[in-house]
Number of protein chains: 2
Amino acid sequence: MKNPIYIKIVEDIRSEISSGKLKPGDVLPSETSLCSEYDTSRMTVRKGLSILSNEGYIYSVPGKGYFVKKPDYNKYIFAYDEMSNLINNVDRTKLLSVDIILPDEKLAGSLQISESKKVVMIRRLFYTEGEPMAYDIKYLLYKRGVPIVENEIKNATFPEMISDRTSLYDLNKELIIYAKIPEEKMKKLLHIQNKIALLVVEQKLYDIEDKPIGLGITYFRGDYIKLHGVSK
Amino acid sequence: MKNPIYIKIVEDIRSEISSGKLKPGDVLPSETSLCSEYDTSRMTVRKGLSILSNEGYIYSVPGKGYFVKKPDYNKYIFAYDEMSNLINNVDRTKLLSVDIILPDEKLAGSLQISESKKVVMIRRLFYTEGEPMAYDIKYLLYKRGVPIVENEIKNATFPEMISDRTSLYDLNKELIIYAKIPEEKMKKLLHIQNKIALLVVEQKLYDIEDKPIGLGITYFRGDYIKLHGVSK
DNA sequence: GAGTGGTCTAGACCACGTG
DNA sequence: ACGTGGTCTAGACCACTCC
């Protein structure tokens, strides 16, 4: 017997679900009846069921039983950072400016602060093989006593920039992606002559209480970026 | 005592990790030493550790111990389907055509079939509040005996279209996102007069053995779509 | 050989949902 | 009252790693 019993239980039930023998909403046999079916103890049965539950196949309702869950057929996982994507990776960056500013109404609203609170603005250009491929701007809540070291920011992704004030384990993040026609200013910055669209990625960082820490906007040349996500 | 012991263990270790007391690569106390620390049995300790492992905080190496994992600070989850997004939802669709075609070289390569294999091509327009917001095209492997019911595909998302041949539980999916300037044909279809970019989403469906089932490309008007993802 | 995690047992008590 | 899942115990044997 090389395979543990609970794996057998997982495989059996999983295949009954994906074959359609068990449909969403159906109730599974109870733990005790699976115990006798597989001639094993309750903890072993529970181990198998907890795996199926983690995999999203089933859920349990105390006092009632285990039920088949509807599949999530619209979930995708993206591994995004502003420095790498399907087509090109950023091989050089240029720090355009680091300023301490007062936010306008929109930015203050986005960061959930008053317009009198200072904000650090960091502007960068990303290059690949000598060509500018993205313009990147970050807004960070200004904190006294946290020095801004240019060499640390220069090549850092957004989460890395704030890793000295918030644990990366506690960071909540949000991404908004859209397409846009570049304005003249942006065309100059990114050396765009022909008709090229921008892929804009807005990245918002929150602390563990979901209070905003920073907002980042990256304007990618449309011909230099493809984002990639997968299910599972 | 309302909270179970294993929750206490999870919270203690999790906070030691996010506070930095335990750093990535560090080894955790062994199961038996946690047993005596919390005056509980091994199964209870293991329950807590398995939760931390599922949450991505730690991993175990048989014979050695549990170790702190580096955080994944670039993972985002997107709930994508072509009918709904942050700005607008599709409230009406128009089926432009359903054809059985022979794939060109590029399509055949993408679907990993020979150019003599038939493919179903479905073209749709998506509307919101009377305005066309996206042009959608799907390529599906042609299967004899699986009828194409126009009313079923008209308002279906891509996974729903193939749910009669592949279990939605077994479906693997891939998304590629990029920005593009619309060509004349597309501008007419989407009633684009001014300068508006397209957000293009390519969706590829695979069966459980990762053989391609279909390719979908949706061209969204840039002013009608924002995609949204979150960490966690 | 001593220590580690992985699997498993045969019980126990509890809270919850349904009749 | 009974069946369900949720928590927990005090053991056991195994495979693996390190010395």
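The values are calculated or read from the model by the stated rules, or taken from the named source; none is laboratory data. Since the structure is predicted, the reported quantities are computational estimates derived from the model, not experimental observations. Every residue, glycine among them, receives a Cβ derived from its backbone with ideal geometry; neighbour counts consider all protein chains shown.
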Practice task
Scan segment A:181-204 and report the pairs whose first residue is in contact (Cβ under 8 Å) with a residue 12 or more places away in the chain and whose second residue is part of a helix (DSSP H, G or I) and surrounded by 17 or more Cβ atoms within 10 Å (Cβ to Cβ), with Cβ atoms within less than 8 Å and a gap of 6+ or a chain change.
Solution key: A:I181/B:G222; A:I196/A:G222; A:I196/A:D223; A:A197/A:G222; A:A197/B:G222; A:L198/A:G222; A:L199/A:G222; A:Q203/A:F158
Handout entry: Restricting segment A:122-144 to residues that are farther than 25 Å from A:K211 by Cα and in a loop (DSSP other than H, G, I, E, B), the residue that is farthest from the chain's Cα centre (by Cα)
Key = A:G130
Fill in the blank from the handout: Log entry, pairs with first residue in segment B:25-50 being under 15 Å from B:P4 (Cβ atoms), second being in a loop (DSSP other than H, G, I, E, B) and more than 11 Å from DNA strand D (Cβ to nearest atom), beta carbons closer than 9 Å, six or more apart or on different chains, reads B:L34/B:L28; B:L49/B:L28
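Would you say B:D104 is surrounded by fewer than 14 Cβ atoms within 10 Å (Cβ to Cβ) and out of contact with any Lys or Arg (no Cβ under 9 Å at 6 or more places or on another chain)? Don't jump to the end; show me each part of the working.
Values: surrounded by fewer than 14 Cβ atoms within 10 Å (Cβ to Cβ): yes; out of contact with any Lys or Arg (no Cβ under 9 Å at 6 or more places or on another chain): yes.
Spelling it out, B:D104 is indeed surrounded by fewer than 14 Cβ atoms within 10 Å (Cβ to Cβ) and out of contact with any Lys or Arg (no Cβ under 9 Å at 6 or more places or on another chain).
Would you pick out the residues in segment B:212-232 that are of a type in the set (A, V, I, L, M) and either within 20 Å of A:E174 (Cα to Cα) or facing another protein chain (nearest Cβ under 7 Å) (or both)?
Within segment B:212-232, the subset of a type in the set (A, V, I, L, M) is B:213, B:215, B:217, B:225, B:227, B:230.
Answer for segment B:212-232, where residues must be of a type in the set (A, V, I, L, M) and either within 20 Å of A:E174 (Cα to Cα) or facing another protein chain (nearest Cβ under 7 Å) (or both): B:I225, B:L227, B:V230.
Yes or no: segment B:52-59 includes at least one residue that is surrounded by fewer than 16 Cβ atoms within 10 Å (Cβ to Cβ), more than 14 Å from chain A (Cβ to nearest Cβ), closer than 26 Å to A:T166 by Cα and modelled with pLDDT of 95 or more.
Kept after step one, since they are surrounded by fewer than 16 Cβ atoms within 10 Å (Cβ to Cβ), are these residues of segment B:52-59: B:53-56, B:59.
Now restrict to residues that are more than 14 Å from chain A (Cβ to nearest Cβ): B:59.
Pick out the ones that are also closer than 26 Å to A:T166 by Cα and you get B:59.
The next check asks that each one be modelled with pLDDT of 95 or more; those that pass are B:59.
Yes, segment B:52-59 contains at least one residue that is surrounded by fewer than 16 Cβ atoms within 10 Å (Cβ to Cβ), more than 14 Å from chain A (Cβ to nearest Cβ), closer than 26 Å to A:T166 by Cα and modelled with pLDDT of 95 or more.
Among the listed residues A:Y206, A:Y219, which satisfies the condition of being of a type in the set (S, T, Y) and farther than 21 Å from A:A108 by Cβ?
Working: A:Y206 fails: farther than 21 Å from A:A108 by Cβ.
Only one candidate passes the filter, namely A:Y219.
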Problem - Any pair with Cβ under 7 angstrom, 6 or more apart, that starts in segment A:106-124 at a residue that is within 11 Å of A:L140 (Cβ to Cβ) and ends at one that is among the hydroxyl-bearing types (S, T, Y) and modelled with pLDDT under 95 - result: A:K118/A:Y142; A:V119/A:Y142; A:V120/A:Y142
Handout entry: Selection within segment B:37-76 - within 11 Å of DNA strand D (Cβ to nearest atom), part of a helix (DSSP H, G or I) and over 32 Å from the mean Cα position of the chain (by Cα)
Key = B:Y38, B:R42, B:M43, B:T44, B:V45
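Evaluate the following for A:P147: is it free of Cβ contacts under 8 Å to residues at least 60 places away in the same chain, in a loop (DSSP other than H, G, I, E, B) and touching a strand residue (DSSP E or B) at 6+ places or on another chain (Cβ under 7 Å)?
On the way: free of Cβ contacts under 8 Å to residues at least 60 places away in the same chain: yes; in a loop (DSSP other than H, G, I, E, B): yes; touching a strand residue (DSSP E or B) at 6+ places or on another chain (Cβ under 7 Å): no.
So A:P147 fails the test.
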Practice task
Restricting attention to segment B:196-212, report how many residues are closer than 13 Å to B:P159 by Cα and either polar (S, T, N, Q) or buried (at least 23 other Cβ atoms within 10 Å of the Cβ) (or both).
Solution key: 2
Completion exercise
Going through segment A:1-16 in order, the residues found to be away from DNA strand C (no atom under 13 Å from the Cβ) and either farther than 23 Å from B:M43 by Cβ or in a loop (DSSP other than H, G, I, E, B) (or both) are A:D12, A:R14, A:S15, A:E16
Handout entry: Enumeration of residues in segment A:173-211 that are within 18 Å of the chain's Cα centre (by Cα), assigned to a strand (DSSP E or B) and either over 20 Å from B:F78 (Cα atoms) or facing chain B (nearest Cβ under 7 Å) (or both)
Key = A:K173, A:E174, A:L175, A:I176, A:I177, A:Y178, A:L199
Handout entry: A:S116, sole failed condition from (1) surrounded by 12 or more Cβ atoms within 10 Å (Cβ to Cβ); (2) more than 14 Å from chain B (Cβ to nearest Cβ)
Key = (1)
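Suppose we filter B:V119, B:V68 for residues that are touching an Asp or Glu at 6+ places or on another chain (Cβ under 8 Å) and not polar (S, T, N, Q); which single one remains?
Values: B:V119 fails: touching an Asp or Glu at 6+ places or on another chain (Cβ under 8 Å).
When all the criteria are applied, what remains is B:V68.
So, in segment B:60-73, of the ones that are more than 8 Å from DNA strand C (Cβ to nearest atom) and touching a helix residue (DSSP H, G or I) at 6+ places or on another chain (Cβ under 7 Å), which residue ends up nearest to the other protein chains (Cβ to nearest Cβ)? Steps first, answer last, please.
As a first pass, look at segment B:60-73 and keep what is more than 8 Å from DNA strand C (Cβ to nearest atom): B:67-73.
Retained after the next criterion (residues that are touching a helix residue (DSSP H, G or I) at 6+ places or on another chain (Cβ under 7 Å)): B:68, B:73.
Working: B:V68: 10, B:Y73: 4 Å.
If we take residues in segment B:60-73 being more than 8 Å from DNA strand C (Cβ to nearest atom) and touching a helix residue (DSSP H, G or I) at 6+ places or on another chain (Cβ under 7 Å), then B:Y73 is nearest to the other protein chains (Cβ to nearest Cβ).
Name the single residue that is farthest from the other protein chains (Cβ to nearest Cβ) among those in segment B:17-51 being near DNA strand C (Cβ under 10 Å from one of its atoms) and charged (D, E, K, R). So that I can check it myself, show each step before the final result.
Here is the first cut: in segment B:17-51, the ones near DNA strand C (Cβ under 10 Å from one of its atoms) are B:27-35, B:41-43, B:45-46, B:49-50.
Next cut, charged (D, E, K, R) only: B:31, B:42, B:46.
Details: B:E31: 16, B:R42: 12, B:R46: 10 Å.
Ranking the candidates gives B:E31 first.
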Practice task
With the checklist (1) surrounded by fewer than 18 Cβ atoms within 10 Å (Cβ to Cβ); (2) at negative phi in hand, flag the one item A:Y76 doesn't pass.
Solution key: (1)
Problem - Residues satisfying the stated conditions in segment A:12-36, i.e. of a type in the set (G, A, S), more than 8 Å from DNA strand D (Cβ to nearest atom) and surrounded by 12 or more Cβ atoms within 10 Å (Cβ to Cβ) - result: A:S15, A:S18
